[in-house]
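Colleague: The structure is given below, and queries will be raised subsequently.
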Amino acid sequence: MSPNEALHFLLTVFFLIFGSLLGSFSNVVILRMASGKSVIFPPSACPKCDHQLHTSDLFPVFSWLWLRGKCRYCQTPISCQYPLVEASIALILGLSFYKLGLSPAFISLAAQSVIWFIAGVIFVRNEVQKPAPFIWAIMYFIVLNFLVNGHQATNQQTLLIPAIAALAGIVASFKQGKHEFWQWGGLAFLLTFSLAHKSSIYIALPVLIVAALNNNPSTSKTARIVFFGIQVIAIFASILL
């Protein structure tokens, strides 16, 4: 292994670790956004017994595994969301760096993917009834893409992407609240915007079909989970392809 390859490998490990820490903070943001609490204060605590968590309880992924998915103090089961979000964002940063190295393209891809993933988790939890997280996600996505790729890449998608996203949002929000439009339409936008140069037209139809299922009360929860799964697959496809 050459010195450059060794350095690249070490930096990939660094971004994996940093990604897991970012994932841990993202869990705080996701959980507290629904309740309107500050993401800084108070310190993390068990939601059941309210015991403040110590540093040893907060190691991304490993603390959950070490504690066997239970609170150290009251033995209440801890949601598997915590390690899954931490591991996913760790992989997003690690794979993005491994592919692109330390470059503006890496920063853009990693940031877009993390924003997209967090929006997806907020979506599947369905606790935030405000459109703000999805509106901000769309804005950050466009700005990051514009800063790195410039006018040409953005203009090529100007007509196709908003049309597909708007249609998906309208279908999904039929007979639903306005927040549903931004949830389904916003994620459809991120999905098709990110993969526009990778034949996103072929994923437009399944996106619309799954979105349409949301109008049926007996399948809406399943549709939301399936749509989230599509997001996760697309996120890693946008990194790896």
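Colleague: Sum up the charges of everything whose Cβ sits under 15 Å from the Cβ of Pro47, counting Lys and Arg as +1 and Asp and Glu as -1, but leave Pro47 out.
Modeller: Surrounding charge for Pro47 is +3.
Colleague: Once you keep just the Cα pairs under 8 angstrom separated by 6 or more residues, what percentage relative contact order results for region 64-113?
Modeller: 23 percent
Colleague: Taking the Cα-to-Cβ direction at Ala105 and at Thr222 and moving 7 Å from each Cα, how far apart do the two end points lie in nm?
Modeller: 4.1 nm
Colleague: Next question. For the pair Gln129 and Ser79, what calculated FRET efficiency results from E = 1/(1 + (r/R0)^6), where r is the Cβ-Cβ distance and R0 = 22 Å, to the nearest 0.05?
Modeller: Efficiency at R0 = 22 Å is approximately 0.60.
Colleague: How long are the semi-axes of the equivalent ellipsoid of region 1-101, defined as square roots of 5 times the Cα gyration tensor eigenvalues? Whole Å, largest first.
Modeller: 30, 15, 10
Colleague: How do Glu86, Glu180 line up, fewest other C-beta atoms within 10 Å first?
Modeller: In order of increasing Cβ crowding within 10 Å: Glu180, Glu86.
Colleague: Sort all Cα-Cα distances of region 86-131 into consecutive 10 angstrom bins from zero, then give the percent of pairs in each bin up to the one containing the longest distance.
Modeller: Percent of Cα pairs in each bin: 27, 45, 21, 7.
Colleague: Can you list residues whose amide H is under 5 Å from Ala45's amide H, if they're 5+ apart or on another chain and H is modeled 1.01 Å from N?
Modeller: Placed amide hydrogens put Leu53 under 5 Å from Ala45.
Colleague: Sequence neighbours fewer than 8 away in the same chain don't count; with that in mind, list the aspartates and glutamates whose C-alpha is under 19 Å from Lys37.
Modeller: Within the straight-line cut-off, Lys37 pairs with Asp50, Glu127.
Any read-out appearing in this document is the output of simple, stated calculations on the displayed coordinates, not a laboratory observation. What you are looking at is a predicted structure, and each value in this text was computed from that prediction instead of being measured. Neighbour counts run over all protein chains shown; Cβ positions are idealised from the backbone, glycine included.
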